[in-house]
Each structure stands twice: as structure tokens, then as C-alpha cells.
Amino acid sequence: MTTPRHRNRQASRRLVAAVGGLAAAAIAVSLAVPAQAAGSTLQAAAAETGRYFGTAMAGHYFNNSGTLNITNREFNMITAENEMKMDATEPSQNNFNYSSGDQIVNWALQNGKRVRGHALAWHSQQPGWMQNQSGTTLRNSMLNHVTKVAQHYKGKIYAWDVVNEAFADGSSGARRDSNLQRTGNDWIEAAFRAARSADPGAKLCYNDYNTDNWSHAKTQAVYNMVKDFKSRGVPIDCVGFQAHFNSGNPVPSNYHTTLGNFAALGVDVQITELDIEGSGSSQADQFKGVVQACLSVARCTGITVWGVKDSDSWRSSGTPLLFDGSGNKKQAYTSVLNQLNAGGTPVEGGGTTNPTQNPTQNPTQNPTQNPTTNPTTPPPTGGGSCSVTYSEGQKWSDRFNGNVTVRANGNISSWTTTVQLQYPQLISAVWGGQASWPAQRTMVVQGGSLANGQSTTFGFTVNHGGNWTWPSISCSAS
């Protein structure tokens, strides 16, 4: 899901009842247990079966050495939580900003990890200018975005979530009624073809939520689309299952059947955004069931959890991850590690190595690939001022999104925006800007040059703790 904030997950997801859902402990999956050395970390244990074990990573992780150390130790596949989405990478039309995404990609590659690109085309988290478009204009803008972003990261991405969450919830099995869908029913196919042309070495995935239960109409609709794509030669290599579970939507007893049936179409299957609300043995058993299901399918190439610590999660009140807010391993962590070490069906094809990866490359080293390094000709010389406007985004019971637009009044060479929260609010995710936290409830976001009248946008998620007051925003420029 892509969302936030990734995420921006619709609150309705939490309320979906799983037909035939049972506790993960009841999932009966027969696993082959090969002789192998026990891995002491999640990535090491998963690698013994030829799979990866990954996490979502947000820019604010770089300001927390404890979280960063856990990320480096435990995970070998990285997904940018919000920093590579449409609003972050193209805040204004044809003005691409890769700085936040590059920071995460560079760190991952420099530390010997691979990257899942998330996400190229999505009805949500579109920049405001794109939200106001429709028809052919919007179609062309979407294809241009897919092409430019995929080209920028060409050769550095293991797999792209090309299209995210394009099907509706419920029993209709229909496409979601979005502005992208209204450009024509072939928009998903067009996005995949554009992505293949732009980055031919990356795997191309469709990613969605509530597609876990084989009997659900949404699952069947996605399955039929993938089957059609494969039969007609539309380039699709993998399907991502977000796997956001809770007591109302537990791991279904037929989860391994779902993964296996999709894999039988000739695509890899990946668990892309795993988190399970709960605690103790119940949560641990649910995590175990998901790992069992993946290990039972030869083309299930890896698992990604959606964040490191409970406090980092977009649904933090549900404590859905493998590490508590202090970074301690939870019972669920031990359950996952033990299940990975129990072994499973080897990955089809002998592993998940992608020969196009080059961990020594730095995406920002080629200025011709990053238009934000030279946004104007000649560059602004400074001397102007800046103004900010704040708008509220999506809201949930425990958090809300905020969006800030910075506008240059005269040419400016740099800008600094200060976001001040009120107790007990905390920021859990940031996209579209380089952020730092000089104080617990103070966030500073900095940016580069803007010509007179130009603007740029960044956003963030606030865990409000019962206080819905908007943050105060100020801006200074040089």
C-alpha cells in the first residue's frame, strides 16, 4: 500500500473480515527441512533458503543509530517507506526530486543490500498537480513519471512495485475507481510496459492488500489480471502481497494456497509490507504462519516487514512489528527466526540474485540523471524569501498526514522549514524532504534553490496521541 503513510493505509483495511480466517498456528503446511546452519539474524536465516528478509526504511532512521543498526544487522532488502512515491519524487510537474530516495538507496547498496522500488504508479499520494489532471493529460504524466523515476534508478533496483492497489475492496472484483483508472482500463498494462523499457533489468511487480484469502473476489480479480498479462506477454514478473493483519483480518488458513496459485502463473510472489497487530504468543503464531506459507512456495522469494520498531510503524498503537519501541526483540521475532531456520522449499531458480545490481554505484553521482541538482539556468542567486502553506491529508484514529508547500518569493539558494508539534504528538514518517529533529517535537526540513514563484512540497505523518492540533510551520530562506 502504498501508504504511509505507507503509510497511508485506509482505515477500512483494519475492518476487513477474513472469510475462513484462522489463527496462523492452524495453518497446516508441510515443509522440507534441509540440513543447514542456523542463521542468527533474519537475513542470514532467510538466505539459507535462498530468500531475502527485508524491511521498509524511512529517512528518519538516519537520525536514530539504534534503529539504523538493527536495520543493517537484520535485513538485506530495503524498501523506501514514502521517499520514492509519486509525491516525493515529482512534487511539481517535471521537477524531479530524488534526494530522499537516493539517501536510502545509497545506504542500502553501500551496505550490501538490495532495494525494492516503491511505488511508480498509485492513485494515492499523488502530488497535487497530478491530482488535478485527467484523461490523456494524466495518462501521459503518469507514463512520464514511471519512465523518469525508473530510468534514474536503473540497475539499482531489484524489483519495482510498478502499480499499487488498483483493485477495489469488497465483493465486486472490480478495478478501483481512481483518476488513473478513468484514463482507460489499459493503464496498468501501459505502466508495466513503460517500466520495462525504462529499467529492463528489474523485476516488475503488482502490489496490493486484502488479496491474501484465495476465496476473496479481490484476490480472484488480481489473479485473473496477472493470468491475462502472462498470456498476452505483458511484462510482469512478480506479485506483492502486503499482508497487513489484525484480529479482524487474521492470516487466512489458505494463505499458502493463494501464494502457490499465483506462483503457478509463472510469477514470483513476495510478501511486501508485513505487519500483524497484537502481542505475545498469538502475534508470534501469526508471524510464524506467514513465514511457513512463504517457505512452502518455491517462487516466494522473500518477506518484507513494514518497519523495524513498533514505534516506527504507521499503525504503532497495534504494536505490529518484530521489535518493540526500545529495539528489543519480541516473541514474534524469535518465532520468525526459528521458522526460517527450520527451512523450507528452496527458491525456484537457485536464489534471488539480480545480476543488474552494482552496490558500488551511487545514484547521485551522475548529475544528468538528477534534474534537481540544476533546477534552473542560471541557478538562483538568493536574496529572496519563502512562504509556507499547510494542508491536512488523510486521517486515522491515531494519526494524520500533513503536507507543507514551500514557495519562493524571489530567487532563493536554500530554504529551511521548521515544524513544531504539540505534546504528545510525534512524527513517525517524512517524505519529500531531508529532515532532522533538533528537539523531540521540533522537525527541521531543508531544501535547495528555488526560482521566484517556484514551489516544492514535503509531507509527514503525526501520531497525535489524542491531540489533533495542526503543527505550526515557519520558513526561512537565503
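The values are calculated or read from the model by the stated rules, or taken from the named source; none is laboratory data. The structure presented is a predicted model; accordingly, all values stated were derived computationally and were not measured. Reconstructed Cβ throughout: ideal geometry from the backbone, glycine too, with neighbour counts over all protein chains shown. Surface areas here come from the heavy atoms of the whole protein model, side chains and all, with no ligands, DNA or RNA. Shrake-Rupley method; radii C 1.70, N 1.55, O 1.52, S 1.80 Å.
As a summary of the residue check, VAL445 satisfies the conditions (1) surrounded by fewer than 19 Cβ atoms within 10 Å (Cβ to Cβ); (2) farther than 17 Å from ASP312 by Cα except for the one numbered (1).
Restricting attention to region 227-259 and to residues that are without any contact (Cβ under 8 Å) to a residue 12 or more places away in the chain and part of a helix (DSSP H, G or I), the residue that is surrounded by the most Cβ atoms within 10 Å (Cβ to Cβ) turns out to be ASP228. Within region 115-135, the set of residues being in contact with a helix residue (DSSP H, G or I) (Cβ under 7 Å, 6 or more places away or on another chain) and open to solvent by 20 Å² or more (accessible area, probe 1.4 Å) comprises GLN133, SER134, GLY135.
Answer yes or no as to whether ALA38 is at pLDDT below 50 and touching a helix residue (DSSP H, G or I) at 6+ places or on another chain (Cβ under 8 Å).
In short, no.
Only one of the numbered conditions (1) among the hydrophobic types (A, V, I, L, M, F, W, C); (2) touching a strand residue (DSSP E or B) at 6+ places or on another chain (Cβ under 8 Å); (3) at pLDDT 95 or above is violated by ALA284, and that is (2).
Evaluated against (1) over 21 Å from the mean Cα position of the chain (by Cα); (2) buried (at least 24 other Cβ atoms within 10 Å of the Cβ), ASN224 falls short on exactly one condition, (2).
Whenever a residue of region 375-391 is at pLDDT below 85, its partners that are aliphatic (A, V, I, L, M) and surrounded by 13 or more Cβ atoms within 10 Å (Cβ to Cβ), lying with C-beta atoms within less than 7 angstrom and at least six residues away or across chains, give the pairs THR376/ALA451; PRO380/ILE412; PRO380/LEU450; PRO380/ALA451; GLY382/ILE412.
If the condition is being farther than 19 Å from HIS60 by Cα and of a type in the set (Lys, Arg), then region 294-317 contributes only ARG299. Right, LYS154: charged (D, E, K, R), out of contact with any Ser or Thr (no Cβ under 6 Å at 6 or more places or on another chain), open to solvent by 40 Å² or more (accessible area, probe 1.4 Å) and outside any loop (DSSP other than H, G, I, E, B) or not? So LYS154 fails the test.
Of all the listed residues (GLN422, GLN394), the sole one being open to solvent by 60 Å² or more (accessible area, probe 1.4 Å) and modelled with pLDDT of 85 or more is GLN422. Within region 319-334, not a single residue is in a helix (DSSP H, G or I), at negative phi and in contact with a Pro (Cβ under 7 Å, 6 or more places away or on another chain).
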